[in-house]
Amino acid sequence: MSRTLNVVRLQLINKQTFIWVPLIVLAGATLLSVLIYAMIPGGEPKYGGGGQAPLWVFFAVGMTAMTLTFPFSQAMSITRREFFVGTLITAVLGSAFMGVLFLIGGAIELLTDGYGVNGYVFHLPWLWEAGPLGAFIVYFTLALFFFVVGFTGATIYKSWGAVVITVVGVAVGLSLIGIIYLITRLELWEQVWIGILDFGALGLALWGLVAVAVLAGISFLAFRRAKP
């Protein structure tokens with residue numbers, strides 16, 4: 001366990017990656033959103049998606065956690081299992097950090113009536129319908145999902161190279177298009193939207209954790225072949 005925790009410390013040596021860059025991106029996205037809200041006439045509530053900006057940072061962090069830190073860890077005689085588990089623990093901690101920031105942002109928006117312009121980046125009604133804990137789980141799951149997607153992609157790349165990761169990307173894209181085609185062809189969009197609304201943001205987030213577990217399993221299997 002102590003060696004696994006050393007991996008967490010290793011991942012957090014460069015605090016810019018897990019802390020400062022996501023904070024800067026989040027603050028910048030919030031500031032830009034508020035400025036845009038201020039330019040929109042009318043007093044009705046204004047909602048935007050600026051709060052998702054740091055999630056793309058976590059996608060990049062997931063890739064660099066594998067491509068940059070993994071080779072260095074092997075020089076320190078850290079086993080692959082220790083590196084994998086320690087990296088996922090770091091991802092969980094970072095995602096929890098983002099979830100707490102999301103709650104703090106929502107509280108600030110409620111206290112300031114949307115920064116004085118009735119604009120909201122964090123306190124989006126659909127995400128908060130299950131309360132603060134539900135909102136935390138949603139944002140935590142999203143951040144962790146983006147990290148694991150990036151980490152899994154980087155693991156496949158380090159295991160089999162650029163051709164295989166390209167083929168996997170194309171296959172995923174074609175699968176998504178095929179699903180959209182079937183839904184459209186069978187005229188199921190109404191049922192799909194009803195199902196999404198019935199699940200709610202929290203229900204989808206819980207299924208998202210299942211997807212995270214599946215991706216983590218895939219990345220672990222591929223990780224055994226990864227080349228430093």
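So, in region 95-152, exactly how many residues are touching a residue at least 60 places away in the same chain (Cβ under 8 Å) and β-branched (Val, Ile, Thr)?
8
If you scan region 72-117, which residues turn out to be of a type outside the set (S, T, N, Q), assigned to a helix (DSSP H, G or I) and more than 24 Å from the chain's Cα centre (by Cα)?
Hits for region 72-117 are Phe72, Ala75, Leu110, Leu111, Gly114, Tyr115, Gly116, Val117.
Are any residues in region 1-50 of a type in the set (Lys, Arg) and touching a residue at least 12 places away in the same chain (Cβ under 8 Å), and if so, which ones?
Arg3, Lys46
Every residue in region 118-134 that is among the aliphatic types (A, V, I, L, M) and either more than 22 Å from Ile24 (Cα to Cα) or open to solvent by less than 30 Å² (accessible area, probe 1.4 Å) (or both), please.
Val121, Leu127, Ala130, Leu133
What about Gly114, is it touching a strand residue (DSSP E or B) at 6+ places or on another chain (Cβ under 7 Å), surrounded by fewer than 23 Cβ atoms within 10 Å (Cβ to Cβ) and among the small types (Gly, Ala, Ser)?
Spelling it out, Gly114 is indeed touching a strand residue (DSSP E or B) at 6+ places or on another chain (Cβ under 7 Å), surrounded by fewer than 23 Cβ atoms within 10 Å (Cβ to Cβ) and among the small types (Gly, Ala, Ser).
Against the condition open to solvent by 50 Å² or more (accessible area, probe 1.4 Å) and in a helix (DSSP H, G or I), how does Leu215 come out, does it pass?
Working: open to solvent by 50 Å² or more (accessible area, probe 1.4 Å): no; in a helix (DSSP H, G or I): yes.
For Leu215, the condition - open to solvent by 50 Å² or more (accessible area, probe 1.4 Å) and in a helix (DSSP H, G or I) - is not met.
Does region 45-98 hold any residues that are small (Gly, Ala, Ser), under 21 Å from Tyr157 (Cβ atoms) and crowded, with 18+ Cβ neighbours inside 10 Å, and which are they?
Let us first name the residues in region 45-98 that are small (Gly, Ala, Ser), namely 48-51, 53, 60, 62, 65, 73, 75, 77, 86, 91, 94-96.
From what's left, under 21 Å from Tyr157 (Cβ atoms): 60, 62, 65, 73, 75, 86, 91.
The answer is Gly62, Ala65, Ser73, Gly86, Ala91.
Of Ala226, Ala222, which residue is under 29 Å from Phe84 (Cα atoms), open to solvent by less than 40 Å² (accessible area, probe 1.4 Å) and either of a type in the set (Val, Ile, Thr) or part of a helix (DSSP H, G or I) (or both)?
Ala222
Could you identify the single residue in Gly203, Gly161, Gly195 that is open to solvent by less than 60 Å² (accessible area, probe 1.4 Å), at positive phi and of a type in the set (Gly, Ala, Ser)?
Gly161
Checking Leu174 against (1) more than 24 Å from Arg81 (Cα to Cα); (2) of a type outside the set (Ser, Thr, Tyr); (3) surrounded by 11 or more Cβ atoms within 10 Å (Cβ to Cβ): exactly one of these is not met. Which one?
(3)
The values are calculated or read from the model by the stated rules, or taken from the named source; none is laboratory data. All of these numbers come straight from a predicted model, not from anything done at the bench. Note that we place each Cβ from the backbone using ideal geometry, even for glycine, and neighbour counts take in every protein chain shown. Only protein heavy atoms, including side chains, enter the accessible area calculation; ligands, DNA and RNA are left aside. Shrake-Rupley method; radii C 1.70, N 1.55, O 1.52, S 1.80 Å.
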